[in-house]
Amino acid sequence: MIKVAMMVGSLRKESLTLKLGEFLKNRYSDKLDVEIVNIDVPLYNGDIDNDADRPASVTTLFNQVKDADAVFMVTPEYNNSTSGVLKNAIDWVSRSPYLNNKPGLIAAQSMGMTGGARGYLALHEILNRIPMMLLPGNDILLPASHTKFAEDGSINDEGTVKFIDGVIENFITYYNKVK
Ligand SMILES: Cc1cc2nc3c(=O)[nH]c(=O)nc-3n(C[C@H](O)[C@H](O)[C@H](O)COP(=O)(O)O)c2cc1C
């Protein structure tokens, strides 16, 4: 079982990004032990970036990332980019060594037909700065996401589910090679 810390880039209760994250958590629960971590943390401020002043929520986030075997990030697309919420959490965690050499996977969604591709690419660009080990060549992009989720959280599009199954299989193979 691979222990995954999942960062979801929207704080909204009915978030479609969260729905995608929960789909990944539930569908692959026999292979991945996914914990959706709280990234509702204060804005990064260098003045509180020290052991005495660091917010407790940030220390918790550090520990959750540290204890995970892998990190998944799921992003919405905001103004052609990833969300500020997710970028802020990444800025905090990048001040620790815990993302370094961590196998990772990113996924995006949007209600439009691009599937959040620009949010995905912006997130990819940010993570290029951090020595994570992102699964190459596999993109989870969910277009028209508001039409895709059934009441029980499953995705009602067989082709998409098959594709995501393949990406997760590829991630597990990759994880076992790089770990
Ligand atoms: C500030 C803001 C900017 C947005 N910019 C884009 C965008 O550039 N491209 C896009 O496809 N959708 C855009 N959207 C729509 C979001 O992708 C959509 O609301 C999505 O459902 C938000 O994710 P969530 O459901 O996880 O909260 C934007 C929404 C907000 C609130």
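The values are calculated or read from the model by the stated rules, or taken from the named source; none is laboratory data. From a predicted model like this one, the values you see are computed outputs, not experimental measurements. Note: ideal-geometry Cβ built from the backbone for every residue, glycine included; neighbour counts use all protein chains shown.
Residues that are in a helix (DSSP H, G or I) and touching an Asp or Glu at 6+ places or on another chain (Cβ under 8 Å) within region 30-60 comprise Asp47, Ser57, listed in sequence order.
Taken across region 68-80, residues that are more than 14 Å from the chain's Cα centre (by Cα), without any contact (Cβ under 8 Å) to a residue 60 or more places away in the chain and away from the ligand (no atom under 15 Å from the Cβ) do not occur at all. Of everything listed in (1) touching a residue at least 40 places away in the same chain (Cβ under 8 Å); (2) out of contact with any strand residue (DSSP E or B) (no Cβ under 8 Å at 6 or more places or on another chain), the single unmet condition for Met133 is (2). The set of residues in region 126-168 being within 15 Å of the ligand (Cβ to nearest atom), under 20 Å from Ser81 (Cα atoms) and not in a helix (DSSP H, G or I) consists of Ile140, Leu141, Leu142, Pro143, Ala144. Name every residue in region 90-125 that is of a type in the set (A, V, I, L, M), over 22 Å from Ile172 (Cβ atoms) and within 16 Å of the ligand (Cβ to nearest atom), in order of residue number. Correct list: Met111, Met113, Ala117, Leu121, Ala122.
For every residue, the table says whether it meets (1) among the hydrophobic types (A, V, I, L, M, F, W, C); (2) within 15 Å of Leu24 (Cβ to Cβ); (3) crowded, with 16+ Cβ neighbours inside 10 Å; (4) at pLDDT 95 or above.
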| site | (1), (2), (3), (4) |
| --- | --- |
| His124 | no, no, yes, yes |
| Leu134 | yes, no, yes, yes |
| Asn138 | no, yes, yes, no |
| Ser145 | no, yes, yes, yes |
| Ala150 | yes, no, no, yes |
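For region 1-23, a residue qualifies if it is away from the ligand (no atom under 11 Å from the Cβ) and either in a loop (DSSP other than H, G, I, E, B) or closer than 23 Å to Trp92 by Cβ (or both), and the qualifying residues are Met1, Lys3, Val4, Ala5, Met6, Met7.
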